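Q: There's a structure below that I have some questions on.
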């Protein structure tokens, strides 16, 4: 169920296994995706998929100073290529891999589980039956069951692709995080902080996006737009032409689903968003083959295996014990960051990017195995200033959002 990146990733892998796959989606799978998806280029290179990148930058930097004086405005160079997917190319590539799959333009209204099959009842009255159903319709799915563990922190962003009175970033530059707060008043500094995510597309076109990393309740888009315009104005920059506006909102610490339910999830519905970075597409591409392989083997070895048992086997692969522990460690880290004020948050990220490149990049991509992840977190604690150490072990008094 669904037709976004998650749905097409898992559908294409299932199709490769020779399984009969049908898609159920409220909109045509050909409908253009509107969100911008970023990824570290090395992740795609490891999958031989870097051809779906629309843009790529070698000059990747962040700013964690206060913006005052030369020292406060010095960038940190990441020396690691970053890219944006060409949404159209990426979507067409996945759809081509899904050739042979039947797509049904319907809206699921109810899901019922029988002895061996799952029945999906649509708002039109039509019913579809399958050995196992995978909900890849996103984090808002009403069908995936999960525990209620209190407020969910969400990442929110407002962005503009356009032309500006002067360049908002240097030529051929990508800015992962610009946390400089010199455009904010003392009162505004007490509000949940946000950062600039920006890049040069060439030919006088730039993308600038004000982002709140995680906040419950989320920072409103109107506030982020106000922050973005204030940030640009402080640097003497005006927007001259808006080519595209972007609004993003998704959960960062959504609880893991119940892993014994008869409906299998994938993507946002399965809480696959990285709690520390907000990235997910790399994980979709890496984890879809293993899930498809497990389902294919289970169906071929035990043809009479019912929906609930098939789903359980799928959940076991999608969220192995190690992946669950890693997810909880990332959630723990996010919770600690949400206790940091603006200055402490800048200090934390400055320390984080002092880690070896393979460590911080693996942390952000969720490609470190469990022992290595624990080692990197301990190493980060060791190299951090005292105030960061206190925050990491939960000794800060005032809880905040980021």
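FYI, it's all coordinate maths here, none of it is from the lab. All values derive from a computational prediction rather than experimental measurement. Please note: Cβ atoms are built from the backbone with ideal geometry, for glycine as well, and neighbour counts cover all protein chains shown.
Q: Cα convex hull of the chain: mean projected area in nm², to one decimal? Numbers along the way, then the final one.
A: Details: hull surface 80.1 nm².
So the mean shadow area of the Cα hull is 20.0 nm².
Q: Can you tell me the orientation of helix 342-352 relative to the chain, as the angle in degrees between its alpha-carbon axis and the longest Cα principal axis, to the nearest 10?
A: 70 degrees
Q: Round to the nearest 10 and give me the degree value, 0 to 90, for the angle of helix 5-16's Cα axis relative to the longest principal axis of the chain.
A: Tilt relative to the chain: about 40 degrees.
Q: Let me ask you something else. Just from the alpha-carbon atoms, what are the Rg and Dmax of the range 324-392 in angstroms?
A: Values for the range 324-392 (Cα only, Rg and Dmax): 11.5, 31 Å.
Q: Ok, one more. Expressed as a rounded percentage, what relative contact order does the range 324-392 have, with Cα pairs under 8 Å and six or more residues apart? Please report the intermediate quantities before stating the final value.
A: Details: 31 pairs, mean separation 31.2, N = 69.
45 percent.
Q: Oh, and also: Under the rule of -39500 (n - 2.57) per DSSP H run of 4 or more residues, summed and divided by the residues of the chain, what mean residue ellipticity at 222 nm is obtained, to the nearest 500 deg cm²/dmol? Numbers along the way, then the final one.
A: On the way: 12 runs with 137 residues, N = 402.
When only DSSP H runs of four or more count, the value is -10500 deg cm²/dmol.
Q: Applying a 10 Å radius around every beta-carbon, put 345-351, 90-96, 174-180, 110-116 in order of their mean neighbour count, most first. Walk me through the numbers on the way to the answer.
A: Values: 345-351: 20.6, 90-96: 17.1, 174-180: 23.1, 110-116: 12.7.
Averaged packing, sorted descending, gives the order 174-180, 345-351, 90-96, 110-116.
Q: Using a Förster radius of 30 Å, what is the FRET efficiency between residue 353 and residue 243 based on their Cβ-Cβ separation? Nearest 0.05, please.
A: Working: r = 31 Å, r/R0 = 1.03.
The calculated FRET efficiency here is 0.45.
Q: Kindly put 199, 280 in sequence by how many other C-beta atoms sit within 10 Å of each C-beta, fewest to most. Don't skip to the answer; put the middle values down first.
A: Details: 199 27, 280 21.
Fewest-to-most Cβ neighbours within 10 Å comes out as 280, 199.
Q: Neighbour counts of other C-beta atoms within 10 Å: give me 353, 63 arranged from fewest to most.
A: Values: 353 16, 63 22.
Lowest to highest Cβ neighbour count: 353, 63.
Q: What is the distance in Å between the Cα centroid of the range 287-302 and that of the range 172-203?
A: Between the Cα centres of the range 287-302 and the range 172-203 lies a distance of 44 Å.
Q: Here's a follow-up. Along each of the three principal axes of the Cα atoms of the range 1-102, give the extent in whole Å, ordering the values from largest to smallest.
A: If we take the Cα atoms of the range 1-102, the spans are 61, 28, 17 Å.
Q: Let me ask another. Quick check: the angle from helix 221-234's long axis to the longest principal axis of the chain, C-alpha only, nearest 10 degrees?
A: That works out to roughly 30 degrees.
Q: Still on this structure: Pick out which of 132, 68, 208 has the largest mean-square fluctuation in a Gaussian network model of the chain, springs linking Cα atoms closer than 10 Å.
A: Among 132, 68, 208, the largest mean-square fluctuation in the Gaussian network model of the chain belongs to 68.
Q: Next question. Take residue 325 and residue 225, extend 7 Å from each Cα along the Cα→Cβ direction, and tell me the distance between the two endpoints in nm.
A: 4.7 nm
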